[in-house]
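What follows is one structure encoded as structure tokens, with my remarks underneath.
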Ligand code: SF4
């Protein structure tokens with residue numbers, strides 16, 4: 001295999017990060033092969049400076065842009081091996097017609113309790129395109145020394161000198177309302193963490209007592225998070241891209257899962273807290289089909305997603321304390 005093409009055009013940069021261990025495992029399984037990744041902006045920038053990725057093709061989201069980008073890349077060079085997370089717009093058929101070997105369905109028979117990223121690795125292994133020694137490739141984003149230094153400087157400026165405990169980053173924003181933890185809970189968590197002596201930073205709306213992380217590029221955010229990891233800090237947030245980015249930068253994460261299952265979407269090492277684990281409406285392996293997904297209208301509560309409201313401040317704060325103290329080595333699952 002001299003030429004590998006990976007197509008990751010599901011949507012947000014969180015999806016790219018789910019697939020990143022598989023990208024790295026493919027590169028490590030085929031040393032010497034060129035690895036080209038086609039993915040959306042702005043997430044594509046997260047692969048800049050990645051020593052295992054030869055070329056990143058950034059696609060601006062627009063109708064028809066995904067299929068056109070894949071067709072262009074196939075016309076440029078035919079891959080020996082094509083792997084795709086993406087199944088819309090006839091992209092699998094394009095890849096299967098052009099590549100010597102194509103793996104185009106990484107969503108086959110997903111077990112409800114296996115992290116999605118692990119599942120990708122399992123399927124690639126069973127399809128014979130991965131070296132078994134790469135099966136446990138962790139999620140990690142590559143940063144330059146200069147970026148890391150800049151992240152340390154910016155963290156010091158945000159946190160100030162002399163804090164007795166490491167910082168905790170709250171990812172208060174969510175791209176989807178159904179994944180949003182109530183604002184009153186964020187305020188309560190901020191109060192608790194501040195009382196314990198943690199500087200509290202916020203990506204997204206900052207509760208009183210938290211310091212807002214100024215908007216910037218994804219790489220700058222990753223570098224800031226890497227600096228948080230270096231001083232033993234933690235991050236808290238829902239099933240979102242920035243939470244996954246924190247994990248990719250080495251931060252221990254407390255994930256707040258409601259409409260999605262922590263067992264499937266949790267990041268490790270860290271804790272995945274599950275709100276309302278027994279919700280009968282949730283469809284763990286086809287989340288976009290559950291009736292609350294797009295509307296955020298929860299049939300179990302008139303006040304918003306009952307699963308997110310089920311996650312209380314005391315348990316979340318306790319999970320943060322555990323993670324700051326070192327946490328477990330893998331993914332610890334807990335009820336809200
Ligand atoms: S139905 Fe309500 S409680 Fe169940 S997953 Fe959807 S938002 Fe959460």
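Throughout, read-outs are computed from the coordinates displayed, never taken from laboratory work. Computed from a predicted structure; not experimentally measured. Glycine also receives a Cβ, built like all others from the backbone with ideal geometry; neighbour counts cover every protein chain displayed.
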Rounded D (µm²/s) - region 158-218, Kirkwood Rh over Cα pairs, Stokes-Einstein at 10 °C, 1.306 mPa s: 131 µm²/s
Global geometry of region 213-274, whether rounded, prolate or oblate, following the gyration tensor of its Cα atoms and the 1.5 cut on a/c: prolate
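Sort 173-182, 316-325 for me by packing, meaning the mean count of neighbouring Cβ atoms within 10 Å per residue, highest on top.
Values: 173-182: 18.5, 316-325: 20.3.
The densest-packed peptide leads the list: 316-325, 173-182.
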Two-site label geometry, residue 88 and residue 140: point separation in nm, points 7 Å out along Cα→Cβ: 3.3 nm
Sequence-separation-based contact order of the chain, relative, with Cα cut under 8 Å and 6+ spacing, percent: 15 percent
Per-bin percent of Cα-Cα distances, region 64-217 [5 Å]: 1, 7, 11, 11, 11, 12, 12, 12, 10, 7, 4, 1, 0
Fewest-first sequence of 310, 113 by Cβ atoms within 10 Å of each Cβ: 113, 310
Calculated log₁₀ intensity ratio I(q)/I(0) where the Debye formula runs over C-alpha points of region 158-270, q = 0.17 Å⁻¹: -0.76
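By its C-alpha gyration tensor, with a ≥ b ≥ c as the square roots of the eigenvalues, how is region 1-77 shaped: rounded for a/c under 1.5, else prolate for a/b larger than b/c, else oblate? If you can, show how the numbers build up before the last one.
Details: a/c = 2.07, a/b = 1.29, b/c = 1.60.
It is oblate, given that a/c is not under 1.5 and a/b is not larger than b/c.
With runs of 4+ DSSP H residues as the only contributors, calculate the mean residue ellipticity of the chain at 222 nm using -39,500 (n - 2.57) per run, divided by the residue total and rounded to the nearest 500. Mind showing how you got there, number by number?
Numbers: 11 runs with 117 residues, N = 336.
That calculation yields -10500 deg cm²/dmol at 222 nm.
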Mean Cα-pair separation over length for region 1-121, i.e. relative contact order, pairs under 8 Å, 6 or more apart, %: 28 percent
Histogram of C-alpha separations across region 179-336, 5 Å bin width, %: 2, 10, 19, 22, 21, 15, 8, 3, 0
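What number, in percent, do you get for the relative contact order of region 53-180 if the mean sequence gap of Cα pairs under 8 Å and at least 6 apart is divided by its residue count?
Values: 76 pairs, mean separation 16.2, N = 128.
About 13 percent, as a whole number.
Can I get the semi-axes of region 247-312's equivalent ellipsoid? Compute them from the C-alpha gyration tensor as square roots of 5 times the eigenvalues, in angstrom, largest first.
Numbers: eigenvalues 104, 33, 18 Å².
Semi-axis lengths for region 247-312 are 23, 13, 10 Å.
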Most mobile listed residue (99, 145, 247) in the chain, GNM with C-alpha springs under 10 Å: 145
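How do the peptides 59-65, 276-282, 231-237, 101-107 rank, highest first, by the average count of neighbouring beta carbon atoms within 10 Å per residue? Can you show the working numbers first?
Values: 59-65: 11.7, 276-282: 15.9, 231-237: 23.7, 101-107: 18.7.
Going from most to least packed, we get 231-237, 101-107, 276-282, 59-65.
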Viscosity 0.692 mPa s, 37 °C: Kirkwood-radius Stokes-Einstein D of region 1-152 over Cα pairs, µm²/s: 210 µm²/s
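When 1/r is averaged over all different Cα pairs and the result inverted, which Kirkwood radius in Å belongs to the chain?
Working: mean 1/r = 0.0487 Å⁻¹.
For the chain, the Kirkwood estimate is 20.5 Å.
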Net length gained if the chain between residue 288 and residue 76 were fully extended (0.36 nm per residue, minus Cα distance): 72.9 nm
Alpha carbon centroid spacing (whole Å) that separates region 35-68 from region 240-274: 23 Å
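How high is the FRET efficiency between residue 301 and residue 163 when r is their beta carbon distance and R₀ equals 35 Å, given to the nearest 0.05? Show your work: numbers first, answer last.
Numbers: r = 38 Å, r/R0 = 1.07.
The computed FRET efficiency comes out at 0.40.
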